[in-house]
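Structure record follows, encoded as structure tokens.
The values are calculated or read from the model by the stated rules, or taken from the named source; none is laboratory data. Please read all numbers here as calculations on a predicted model, not as lab measurements. Here Cβ is always computed from backbone atoms with ideal geometry, including for glycine, and neighbour counts include all displayed protein chains. Calculation scope for accessible area: heavy atoms of the full protein, side chains included, ligands and nucleic acids excluded. Shrake-Rupley method; radii C 1.70, N 1.55, O 1.52, S 1.80 Å.
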Amino acid sequence: MSIRTVLLHAAPDSGFGDRLAFAVAFARQAGAQLRAVYTLYPAGVPRVGRALSIYVNELVHEAREKEALLQGQFEAAVAAAGVPGNWQTVEGEVAAALRDEVTFADLTVVSETPYGTVDDQLAATLPEHLALACNGPVVVVPTGKPVPNRIGRVLVAWKPSREAGHAVRFALPILALAHQVEVLTVEESKQDVAASGARLTAYLGTHGVNATHHHVSEGSAGAVIAREARTYGADLLVMGIYSRSRLAEMILGGVTASLMVDPPVPLFVAH
């Protein structure tokens, strides 16, 4: 399988420029088309009650006013890169609209958006929601961090779980494009994780992926993964998310929670 359609979340939050740059560069590298979806209704705002209806109508009015500028940026970026692209405006709520569109795309690009403007706050929960609800992989692009011109080095954060397995299988076309891939395992409580990482490395080799295995015997998995992503110079971090419940992560903390909030590099995730 190859990646032929990249879906981009288009919205006037502060992360749009970074995720647009990532999506365009990746589409050019993969030989894919780029499809931007711009929605008029924000996520997480109920349309009930007079006061809320007035507020939502104001948000929709602002979204219509901001669309032309963003569409112009998108069209200029795809033209400069020579990437086929199209812009679609949906009169619907962003999470639901993207969830519907993910079925017909190979990869969806969203942002980790810090709390800042109203648009930032409305977009902040989208990466987590979309990655859990959709049936395809999602790339979460950090806001305000360097955007790779191409995917050369990929770090795979691995443990023998269903979610990690899904992420790796979805990522195979990207791993095949990369020059170098490192499979990272962290000991924690699973005694077989190192052996599983070695097996995954061998499996990736059967797909023509230039992969090596690095095992860390101690340390917090989230901190180790973030540190290794920076040390390795990864352009992309691949991992499964929420191998335990979201409630457990909220109470106890977890790898997903720490890396989704502040990804060190673009984060390729699947559930």
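Test Glu58 against the stated conditions and say whether it is at pLDDT 85 or above, open to solvent by 40 Å² or more (accessible area, probe 1.4 Å), in a helix (DSSP H, G or I) and acidic (Asp, Glu). If you could, list the steps in order and put the result at the bottom.
On the way: at pLDDT 85 or above: no; open to solvent by 40 Å² or more (accessible area, probe 1.4 Å): yes; in a helix (DSSP H, G or I): yes; acidic (Asp, Glu): yes.
So Glu58 fails the test.
Residue by residue through the stretch 201-228, note down the ones that are in contact (Cβ under 8 Å) with a residue 12 or more places away in the chain, β-branched (Val, Ile, Thr) and assigned to a helix (DSSP H, G or I).
Answer for the stretch 201-228, where residues must be in contact (Cβ under 8 Å) with a residue 12 or more places away in the chain, β-branched (Val, Ile, Thr) and assigned to a helix (DSSP H, G or I): Thr201, Val224, Ile225.
Does the stretch 86-93 include one or more residues that are over 23 Å from Thr113 (Cβ atoms), modelled with pLDDT under 95 and out of contact with any helix residue (DSSP H, G or I) (no Cβ under 7 Å at 6 or more places or on another chain)? Let's see the steps before the verdict.
So the first thing to find is which residues in the stretch 86-93 are over 23 Å from Thr113 (Cβ atoms), and the list is 86.
Now restrict to residues that are modelled with pLDDT under 95: none.
No, the stretch 86-93 contains no residue that is over 23 Å from Thr113 (Cβ atoms), modelled with pLDDT under 95 and out of contact with any helix residue (DSSP H, G or I) (no Cβ under 7 Å at 6 or more places or on another chain).
Considering only residues that are in a helix (DSSP H, G or I) and touching a helix residue (DSSP H, G or I) at 6+ places or on another chain (Cβ under 7 Å), which ones fall in the stretch 175-199? Spell out the reasoning first.
First pass over the stretch 175-199, keeping only residues in a helix (DSSP H, G or I): 175-177, 193-199.
Once the filter is applied, which keeps residues that are in a helix (DSSP H, G or I) and touching a helix residue (DSSP H, G or I) at 6+ places or on another chain (Cβ under 7 Å), the stretch 175-199 yields Leu175, Leu177.
Just to check your reading of the model, which residue among Arg169, Arg150 is at pLDDT 75 or above, open to solvent by 30 Å² or more (accessible area, probe 1.4 Å) and closer than 22 Å to Phe16 by Cα?
Details: Arg169 fails: closer than 22 Å to Phe16 by Cα.
Every option except Arg150 fails the conditions.
What's the total number of residues in the stretch 180-200 that are open to solvent by 20 Å² or more (accessible area, probe 1.4 Å) and farther than 17 Å from Ser161 by Cβ?
1
Kindly indicate the residue of the stretch 1-55 that is charged (D, E, K, R) and surrounded by 14 or more Cβ atoms within 10 Å (Cβ to Cβ) and also modelled with the lowest pLDDT among those meeting that condition.
Here the answer is Asp13.
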